[in-house]
């Protein structure tokens, strides 16, 4: 079992990442077979922009990349994607 949770939000235009340190929200877009994660994210219920430390970047980006790189649409079709992080 994971100690974090990732989910797509708002017609796949957002991504929510939650762990013990709080909830981060990222804007998303998709261009063909590439997910683009727009930075910086917001954190918490106040939706305040949050810059990430190098340690947070390493942890969150690797988990988000793993989640988005293979999506199961309707739980039936696995599709592979590239993931890019843009400022």
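Read-outs: derived from the displayed coordinates by stated rules, not from any lab. Given the structure is predicted, the values throughout are model-derived calculations rather than measurements. A quick note on method: Cβ atoms are made from the backbone with ideal geometry, for glycine too, and the neighbour counts reach across all protein chains shown.
Some notes on this structure:
- The set of residues in the stretch 48-87 that are surrounded by fewer than 13 Cβ atoms within 10 Å (Cβ to Cβ) and not in a strand (DSSP E or B) comprises 51, 53, 54, 55, 58, 62, 66, 74, 75, 76, 87.
- The stretch 1-47: number of residues that are within 22 Å of residue 84 (Cβ to Cβ), touching a residue at least 12 places away in the same chain (Cβ under 8 Å) and not in a strand (DSSP E or B): 4
- Filtered residues of the stretch 7-23 (kept if surrounded by 13 or more Cβ atoms within 10 Å (Cβ to Cβ), in contact with a strand residue (DSSP E or B) (Cβ under 7 Å, 6 or more places away or on another chain) and farther than 14 Å from residue 68 by Cβ): 18, 23
- Flag for residue 39 being in contact with a strand residue (DSSP E or B) (Cβ under 7 Å, 6 or more places away or on another chain) and under 16 Å from residue 5 (Cβ atoms): no
- The test for being over 20 Å from residue 2 (Cα atoms) and in contact with a helix residue (DSSP H, G or I) (Cβ under 7 Å, 6 or more places away or on another chain) does not hold for residue 79.
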